[in-house]
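The values are calculated or read from the model by the stated rules, or taken from the named source; none is laboratory data. A quick note: this is a predicted structure, and the numbers were derived from the prediction, not measured. Cβ coordinates were reconstructed from backbone atoms using ideal geometry, including for glycine residues, and neighbour counts include every protein chain displayed.
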Amino acid sequence: MRIILSIIVLISLGLYSVPYLIRDQVVIWLKGQGVENASFEKVDIHWFSGAVELLQLKAESDGVPPIKVGHLKVSVDYPSLLDKRVFINEVLITDVASGLHQQGDDLWLGPINLSQFESSEKVEEPQGPPSEWKFGIANVNLSQISWSLDLPQHQQNLVIDNAGLNALYQWDEEASTELSIDALLNGARIKLDTDAVPLPDKKTSTIKLVLDQFPLQSVAKAWVPQLQGVLTTNLELSLDITGGTGQLSHSGSLSLDDFAWQDGPLTITDKHLAWKGKGSVELAEGDLQSMALDGALKNAAIKVEQGKELALLMSQLNWKGGVNLLFADKLLSSIKGPQNLTVKDLKLRQSDLNVSAATLTQNGPLNIQFEKGLPKQVKTQAGLNIAALDLKTPELDLAAAQLSLMSPLDVSWQGSEIAGISAVPVIALQQLKLIQGGRLAVDLASADMSAAINNMQVTQPVIDKIQLKGSALNVATIKNPLQLLQLKSLGLNNAFYSTKKISSDQVTLSGLKASYKQGQKPLSTIGEVRLKGILLSDLTRLAINDIRLKNSKTTISVTKKQVIKEIDALTKALATLEDESAVSSKKSSTAKKASKGNNAAFTSRIGTLQLTGSNLVYIEDHSVKPTFKSTVDIKQLSVAKVDTGKSGLSPFSVKAAINKHAILTASGKMNLLGGAKNGDWKVDLKNAELPVVSPYAGKYVGYFLQSGQMDFSSSGTLKKGVLAGKNRIKLNRLEVQPAQNEATGNFNKTLSMPLGTAISVLQDSEDNIKLDLPVEGSLDDPQFGYQSVINRLASKGLKKAAFGFLTKALQPYGALISLASTAIDANKSGAFITLAPVNFATGTNNTAADAGDYLGKISEMMVSRKGLRLNICGNAVKADRASVLILLEKENKAKSKPLPPAELEVLVMERLQELAAERGEAVTAILLEKGIPKDRLFSCFPVPNLKDDKLKPGVVLGL
């Protein structure tokens, strides 16, 4: 019994001493490893419960992290050992601080050098059958764990506030294992909660991951030092996989702030990226079957740069949609789903290309089918909107306030080639501005276009049902500023385009202005241009069924050098549009075409061309003095059957007014463009005022046409280039005044008498001249035969009787009537009978107070005597010059660059000329209002008289 008791005592003492021996040996061992301060408060072994506890283990040395374990408890279930199971009931670890660090080539765990334990000998693991022992753990609980890692490429700091693991058993694979972590990793909060069944073939798990401002570079710099960013997540992940088949899905949100990637010249930064939504991945036996995303992605301040080659900036990029990707035989088979993309403040620079946009949005359902990894078909409802688009290249500068595109789109492939494209695009454009090569500028306020594309091949484009509406188009040259074209609106109706054919039912242009400088008159303005039935075939044949122009104005100004100013300005402006390379290329292309010699000639056909409304042509010729000014108003013009490729007669008709009162009508048919020279014509001109052409008569004949009207009629035929016809001319009250230049003497020598004398001889009793001029001969060299019927002037007695009648009829104004004694005297004075003048206020076109009564008397007289005709000659005198000069000098001083005296004097004479003309027009207008027919009223070419001080401002009247 004593022996047994002794053994029990010895065993008890041994079991009691073991913890102390372990504690002392641990402290001794730590100090043996170079630890300066080592302590171990307690080791408790609970033999009956199977629990071991360690309390307050410390190992410290100066300058290195410590090893501290506040409390460690491990509890083992003894009975499970009988079933070959290692079953740990509980693992409890609290208040732990330690870490790994490297000094030189040595790796240290706290103050312990781990490198000294390395062995160069390889230990071969024994080979044998799998162990029958199984492991299981019921509960693991960690708290207040601080762990640091300080290696050359890894500096990490992990602080676990709480962590737990529950129910992991190898003998019970269906048990649900829970893992939770609440920690700080490198200063960022991490929360992880999982509920999983990881051991059987059917693996399921649910993971909730929360990261708060986690710095990616803190863990990624060893492998991807180019990466920087702060990650925040609130995600829930679900896994349900059996043998490689199942689903992985997620939901929640993710954000990445201050993202940066730099790899050589490539730099990518993103201020803020955020994802919110859900997604899933389907697997079948390890192969990807489908992927789905449904949510929204937002980016802020994106920047991509690659040296000087590429720069991409976006202040914001947002994507929202639901996209499904399907796979077959490990290859992508389809992409489906609606999606919406928004980009703000886009800026792209690549080589010489610069693109920017305030906003860009794209939305629409997407459906892409693949076959053998290649696209087979794309179907979508494309919706694209771009605001404040700006595109620049060395040769092009394009800007648009708004651009939008809406269209269903269907693209099909055959192999790697596009087989067909179908779409119904609708395009809207606002405030387009385009500058090409610094030479041409194009502005367009708005444009709307639609079209239809049906299974189109890329190599053979075909676009149908094209509709276009545009407003405020402006085209101008820059280097030599000139407005080439300006349109208020344009329209294109039902157009068609292909490489073989271009057509349109109708093209409409309104508010057209062509060729003008700012502040000056355009070469031409047209209220409306309408073209119907347009067809261009093979780029060689143009046909237009109908062209209609309405309400146009055209200005033609001839300079002193006999150059048409508007055409000259247009030619010079167009010359600036071609640079040297373009001219060289054009010459080379022309030479190649000439060498081939087989190109088809270009021909055109116009069914009808019509001008309607008021179509004014203003003509100014500064090559003569005074300046010639005339206005032609084409009321109606019609030309039909014009064809450059065929020989045929083109019917035409025209009706026009010249200088308001002269009426021109013409009709006939002519072979206008090639072929046999055949046709016929009929022309009538009534009431043409001859003083208008005085500048030309003064220059080439030596006589100004003081007054007179002309009636002209012509008719005839043209057969195979031979003319046969007759011209009839009637000159009413033609009176002339010598211009006293070289041409006057030359012309007088030709006639052997002054022109005025010749006219007096030719005039009949009613002061008319009638001439018949037959037309005959070849069209290239026509011969005009002259026949004339000459009647002498009425006798002086008749004129005296008329003088007596006038004196009585015009009382009390008859005292100032005078009678010319001879035809030569009449020629000098401008009339055989001169009436009292109509007085005007100095420097103005306002009549005197008694002018209305006086002109009323004249009207009554002319009504009673139908044969009387009145010559109306406006005048400007010395007193007018003084008044006009004061006004012009005041205007001249106000100019930024005043005119010199010589040029100012020229302007004074022009104003006086205009004033005299306006006075004559004013008197003519009053008489017309009183019912006197225009064919009895004749205006004079006004010549200011500044030599006679006695002359008063007014209008001279003569019979």
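General remarks:
- Checking each residue in segment 249-298 for being charged (D, E, K, R) and either under 35 Å from the mean Cα position of the chain (by Cα) or in a strand (DSSP E or B) (or both) picks out Asp257, Asp258, Asp263, Asp270, Lys271, Lys276, Lys278, Glu282, Asp287, Asp294, Lys298.
- Annotation for segment 398-405: no member residue is under 16 Å from the mean Cα position of the chain (by Cα), in a strand (DSSP E or B), closer than 25 Å to Gly491 by Cα and touching a residue at least 40 places away in the same chain (Cβ under 8 Å).
- Residue in segment 890-938 that is farthest from the chain's Cα centre (by Cα), counting only those that are acidic (Asp, Glu) and closer than 12 Å to Asn875 by Cα: Glu921
- Among (1) over 60 Å from the mean Cα position of the chain (by Cα); (2) at pLDDT below 80; (3) small (Gly, Ala, Ser); (4) buried (at least 16 other Cβ atoms within 10 Å of the Cβ) - the single one Ser218 does not satisfy: (1)
- Annotation: of all residues in segment 351-376 being within 30 Å of Asp294 (Cα to Cα) and modelled with pLDDT of 85 or more, the one that is farthest from the chain's Cα centre (by Cα) is Gln369.
- Cβ separations smaller than 6 Å between residues 6+ apart or across chains give the following pairs from segment 167-194 residues that are modelled with pLDDT under 85 to residues that are among the β-branched types (Val, Ile, Thr): Ala167/Thr177; Leu168/Ile137; Leu168/Thr177; Ser176/Val197.
- Of everything listed in (1) in contact with a Leu (Cβ under 8 Å, 6 or more places away or on another chain); (2) surrounded by 15 or more Cβ atoms within 10 Å (Cβ to Cβ), the single unmet condition for Gly373 is (2).
Residue-by-condition table, conditions (1) buried (at least 16 other Cβ atoms within 10 Å of the Cβ); (2) among the acidic types (Asp, Glu); (3) at pLDDT 80 or above:
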| site | (1), (2), (3) |
| --- | --- |
| Pro19 | yes, no, no |
| Asp24 | no, yes, no |
| Ile28 | no, no, no |
| Gly50 | yes, no, no |
| Gly63 | no, no, no |
| Pro66 | no, no, yes |
| Gly70 | yes, no, yes |
| Leu81 | no, no, no |
| Val86 | no, no, yes |
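- Scan of segment 703-713 for residues that are farther than 10 Å from Val736 by Cα and of a type outside the set (S, T, N, Q), ordered by number: Met710, Asp711, Phe712
- For first residues located in segment 877-906 and part of a helix (DSSP H, G or I), partners that are among the polar types (S, T, N, Q) and lie 6+ apart or on another chain with Cβ distances below 9 Å form the pairs Lys878/Asn945; Ala879/Thr842; Asp880/Thr842; Asp880/Thr844; Ala882/Thr842; Ser883/Thr842; Ser883/Thr844; Leu904/Asn892.
- So Asn687, is it in contact (Cβ under 8 Å) with a residue 60 or more places away in the chain and either on the phi > 0 side of the Ramachandran plot or touching an Asp or Glu at 6+ places or on another chain (Cβ under 7 Å) (or both): yes
- Just one of (1) under 22 Å from Lys629 (Cα atoms); (2) out of contact with any helix residue (DSSP H, G or I) (no Cβ under 7 Å at 6 or more places or on another chain); (3) free of Cβ contacts under 8 Å to residues at least 24 places away in the same chain; (4) of a type in the set (A, V, I, L, M) fails for Ala849. It is (1).
Let's see how each residue does on (1) assigned to a strand (DSSP E or B); (2) surrounded by fewer than 17 Cβ atoms within 10 Å (Cβ to Cβ); (3) touching an Asp or Glu at 6+ places or on another chain (Cβ under 6 Å); (4) not hydrophobic (A, V, I, L, M, F, W, C):
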site: Ser407; (1), (2), (3), (4): yes, no, no, yes
site: Val411; (1), (2), (3), (4): yes, no, no, no
site: Ser446; (1), (2), (3), (4): yes, no, no, yes
site: Met449; (1), (2), (3), (4): yes, no, no, no
site: Asn454; (1), (2), (3), (4): yes, yes, no, yes
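- Number of positions in segment 523-548 that are within 18 Å of Leu487 (Cα to Cα) and free of Cβ contacts under 8 Å to residues at least 40 places away in the same chain: 7
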